[in-house]
Amino acid sequence: NEWKGNCLDSASATTGPGPASLGSQVHAAAVNGDRSALVKLITAEPSLRDREDQFGRTPLMYCVLADRLDCAEILLKAGASVNKTDHSQRTALHLAAQKGNVRFLKLLLSRRANWLQKDLEEMTPLHLATRHPSPKALALLLKHIGPGEVDTQDKNKQTALHWSAFYNRPEHVRLLIKHDSNIGIPDSEGKIPLHWAAHSQEPSATQTVRCILEAAPTESLLNWQDYEGRTPLHFAVADGNEAVVEVLTSYEGCNVTAYDNLFRTPLHWAALLGHAKIVHLLLERNTSGTIPSDSQGATPLHYGAQSNNAETVGVFLSHPSVKDEPDLEGRTAFMWAAGKGSDDVIRTMLALTPHIDINMADKYGGTALHAASLSGHVSTVKLLLEKGAMVDSLDVMKHTPLFRACEMGHRDVILTLIKGSAHVDLVDVDGHTALHWAALGGNAEVCQILMENGISPNVQDQAGRTPLQCAAYGGYITCMAVLMENNADPNIQDKEGRTALHWSCNNGYLDAVKLLLGYNAFPNHMEHTEERYTPLDYALLGGHSEVTQFMLEHGALSIAAIQDIAAASIQAVYKGYTVRKAFRERKQLLMRHEQLRKDAAKKREEEQRRREAVQQVSVSAAEKRKVSLARAEQEKLPLVNIMEDLSMNDSVVETKKSSKPERTKSKEERHKGTNMQRSLKLLCCSLQFEL
């Protein structure tokens, strides 16, 4: 709520400019009231009567500032311009009106000074006349102003009535209203004169307010809203002016529950600023019987609770229409007080509402202890624990108050909760421990406390991430060092194969990379994803040249380089395999040739033995034939017997020939046997013939 006012020229505060600031001797004569010197100068050089100094001021203007009426008359008689303007476009009439100098105003107006002349801020002498406590200057100007000119607006669309209300000039207000000044003209901010009259900390502002309201005590005027939705009552409450609030609310049409653009009523403003008496007054004047809430569902009690205004909260709770209703998030005023560390309010509420549920949760499961822990209010945490608050209450994310404190790094709150028997080994719905949250916040001291109380530095959440990876993601060097000093493993991979080095390279944290490699982090772990990226790949993709150079200097490889090395290794292995295969095939071929050679030699030996056996059988058969022939001759056996013997001998010979496993006779062998039998028969026949 910024009080807006037009900037006044530097000359307005000058009661007697010194000679050093004057542009010529004529200005000095005007200021000092040296009439003889002034007459002498302008007689010798008539143009000096309107001579300007460095600010554009003429001698006539300095006569006004120094209250040299006689010198001004000399200048005007000499033909000085009465409407000459300085660099701020102000005339001598502006200066006279601002100083409330009625004598000069009469003189200048008698010389036809322009009372409608506007300066750079578009302010007329009528606007400036409202600044002086005496209404005489304003009354004099009003006599010369015609109908409709009284509401001339400046650059901010403010009339003289706006300025009179702003300066709390009740007599000026009456004069202007008497001259038909419009009390309902809004300025550039949408404020009417009643807003400016109510926006004052002076108790006498009630007179100005009454002057305006007596002219038109309408409901629309009382509840007029500026462009931000604020009524005059909002401003009176904001300034804590109980007298003005009393006057405004005494009118029947005053709406004490009017909303501004943020859905805040004057009661919200009073509660927020701790104006207990005004709160009581507004509650008594609230004829609706209901307590309004803002756009978030917060009541004035919420506003008073968060500001630690115990007296104001006491006034609310003592009124029968007020209850601690939750806002749209399910948070009560008691929770708001805990979140703001308003211990006095908490004690007041516990005293006035003994059945209050200290462990009541909002729609997300958060309690007052959650709120106090998140905000780091140690005294509030102690107070709530003493009053029976559950130290390990869980919200919908399964976060305890300890989680909230670890996330924000509130060391003293953490120690208080642990001392109050808080469990440090609990996990939330994502598997995060309190150590994960402390690492995400880069709170090295908190990490040390948690590890000292039994949390492993290598605990993994459901995604497989460790506290070290959480700290590496944020580049928290100190936190990472504390974790690794407590044996955190920098080479643990999450379920996607990423290590702490992946996260540090991805975000370009060179110091974190140096620290991890100093603790023997392996630089070439590959992801388990399809891309199989290494930490170096992340540095390259992020364009982190310094990290990339450092990683290369420490043996880091990209996935492309690893694939090239793997390809070369595979090719080398395959080449060795092919050489060994060719050697084995050639060796097997040589062994087969050797076996075939041996088989052939063996076959030749067997064939030789078979031939020798056949020859022996043939010789034996021939001898037997001879013996048989001799016997035939001797015994004269019939030819049939001889043929049978020959056939039997042939069968014996054939039986000896077929000693191999494949003894099956071929067609050719059977044909040879038949031919032999025929030959023998012919031989026998020839022998018989010879005989």
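Considering only residues that are under 41 Å from the mean Cα position of the chain (by Cα) and not polar (S, T, N, Q), which ones fall in segment 212-227?
Within segment 212-227, W224, D226, Y227 qualify.
Run T290 past the list (1) closer than 18 Å to V322 by Cα; (2) over 40 Å from the mean Cα position of the chain (by Cα) and report the number of the one that doesn't hold.
(2)
Filter segment 243-273 down to the residues that are among the acidic types (D, E) and surrounded by 17 or more Cβ atoms within 10 Å (Cβ to Cβ) and list them by number.
Restricting attention to segment 243-273, the residues satisfying the condition of being among the acidic types (D, E) are 246, 252, 260.
The answer is D260, and nothing else.
Would you confirm whether or not segment 502-514 contains a residue that is in contact with a Ser or Thr (Cβ under 7 Å, 6 or more places away or on another chain) and either in contact (Cβ under 8 Å) with a residue 24 or more places away in the chain or among the aromatic types (F, W, Y) (or both)? Talk me through it step by step, then tell me what you get.
Quick first cut of segment 502-514, residues in contact with a Ser or Thr (Cβ under 7 Å, 6 or more places away or on another chain) only: 512-513.
Subsequent filtering for residues that are either in contact (Cβ under 8 Å) with a residue 24 or more places away in the chain or among the aromatic types (F, W, Y) (or both) retains 512-513.
Yes, segment 502-514 contains a residue that is in contact with a Ser or Thr (Cβ under 7 Å, 6 or more places away or on another chain) and either in contact (Cβ under 8 Å) with a residue 24 or more places away in the chain or among the aromatic types (F, W, Y) (or both).
Filter segment 482-495 down to the residues that are in a helix (DSSP H, G or I) and surrounded by fewer than 18 Cβ atoms within 10 Å (Cβ to Cβ) and list them by number. Talk me through it step by step, then tell me what you get.
First, pick out the residues of segment 482-495 that are in a helix (DSSP H, G or I): 482-485.
The one that is in a helix (DSSP H, G or I) and surrounded by fewer than 18 Cβ atoms within 10 Å (Cβ to Cβ): E485.
Of the numbered conditions (1) more than 21 Å from N507 (Cβ to Cβ); (2) assigned by TED's automatic domain parsing to the domain that holds W503, H544 satisfies every one except a single condition; which is it?
Of the numbered conditions (1) more than 21 Å from N507 (Cβ to Cβ); (2) assigned by TED's automatic domain parsing to the domain that holds W503, the odd one out for H544 is (1).
Give segment 178-191 a look and list any residue that's within 15 Å of Q158 (Cα to Cα) and not charged (D, E, K, R), or say none. Don't jump to the end; show me each part of the working.
Of the residues in segment 178-191, the ones within 15 Å of Q158 (Cα to Cα) are 181-191.
Within segment 178-191, S181, N182, I183, G184, I185, P186, S188, G190 qualify.
Residue by residue through segment 548-557, note down the ones that are assigned to a loop (DSSP other than H, G, I, E, B) and either aromatic (F, W, Y) or farther than 14 Å from N506 by Cβ (or both). Please lay out each step first, then the result.
As a first pass, look at segment 548-557 and keep what is assigned to a loop (DSSP other than H, G, I, E, B): 554-557.
Across segment 548-557, the qualifying residues are H554, G555, L557.
Given the structure, is G442 surrounded by fewer than 24 Cβ atoms within 10 Å (Cβ to Cβ), over 16 Å from I346 (Cβ atoms) and assigned by TED's automatic domain parsing to the domain that holds L468? Write out each step before concluding.
Numbers: surrounded by fewer than 24 Cβ atoms within 10 Å (Cβ to Cβ): yes; over 16 Å from I346 (Cβ atoms): yes; assigned by TED's automatic domain parsing to the domain that holds L468: yes.
The answer is yes for G442.
I'm trying to understand the selection: among the residues of segment 328-353, which are in a loop (DSSP other than H, G, I, E, B) and under 25 Å from K277 (Cα atoms)?
T332, K340, G341, S342, T353
When you scan segment 118-151, how many residues do you find that are out of contact with any Leu (no Cβ under 7 Å at 6 or more places or on another chain), of a type outside the set (D, E, K, R) and more than 20 Å from T208 (Cα to Cα)? Spell out how you get there, then give the answer.
Going through segment 118-151, the residues out of contact with any Leu (no Cβ under 7 Å at 6 or more places or on another chain) turn out to be 118-123, 127-128, 131-134, 136, 143, 146-148, 151.
With of a type outside the set (D, E, K, R) added as a condition, the list becomes 120, 123, 127-128, 132-134, 146-148.
Then keep just the ones that are more than 20 Å from T208 (Cα to Cα); that gives 120, 123, 146-148.
Summing the residues that are out of contact with any Leu (no Cβ under 7 Å at 6 or more places or on another chain), of a type outside the set (D, E, K, R) and more than 20 Å from T208 (Cα to Cα) in segment 118-151 gives 5.
How about segment 496-547: which helices (runs of 4 or more DSSP H) wholly inside it have at least 1 residues that are over 23 Å from the mean Cα position of the chain (by Cα) and over 9 Å from A472 (Cβ atoms)? Even if it seems obvious, please write down each step before you answer.
Values: elements: 500-507, 510-518, 535-541.
Where helices (runs of 4 or more DSSP H) fall fully within segment 496-547 and carry at least 1 residues being over 23 Å from the mean Cα position of the chain (by Cα) and over 9 Å from A472 (Cβ atoms), they are 510-518, 535-541.
Quick check on my filter: what residues within segment 103-122 are in a helix (DSSP H, G or I) and surrounded by fewer than 19 Cβ atoms within 10 Å (Cβ to Cβ)? Walk me through how you get there before you give the answer.
Within segment 103-122, the first condition is being in a helix (DSSP H, G or I), and the residues that meet it are 103-110.
Once the filter is applied, which keeps residues that are in a helix (DSSP H, G or I) and surrounded by fewer than 19 Cβ atoms within 10 Å (Cβ to Cβ), segment 103-122 yields R103, K106, S110.
For segment 157-175, which residues satisfy the criterion of being part of a loop (DSSP other than H, G, I, E, B) and among the polar types (S, T, N, Q)? Show your work before the answer.
Step one: filter segment 157-175 for residues part of a loop (DSSP other than H, G, I, E, B), giving 157-159, 167-169.
Q158, T159, N168, listed by residue number.
Quick one: D154 ticks every box in (1) in a helix (DSSP H, G or I); (2) touching a His at 6+ places or on another chain (Cβ under 8 Å); (3) in contact (Cβ under 8 Å) with a residue 60 or more places away in the chain bar one, so which box is it?
(1)
The values are calculated or read from the model by the stated rules, or taken from the named source; none is laboratory data. Since this is a predicted model, take the numbers as computed values, not measurements. We place every Cβ from the backbone using ideal geometry, glycine too, and count neighbours over all the protein chains shown.
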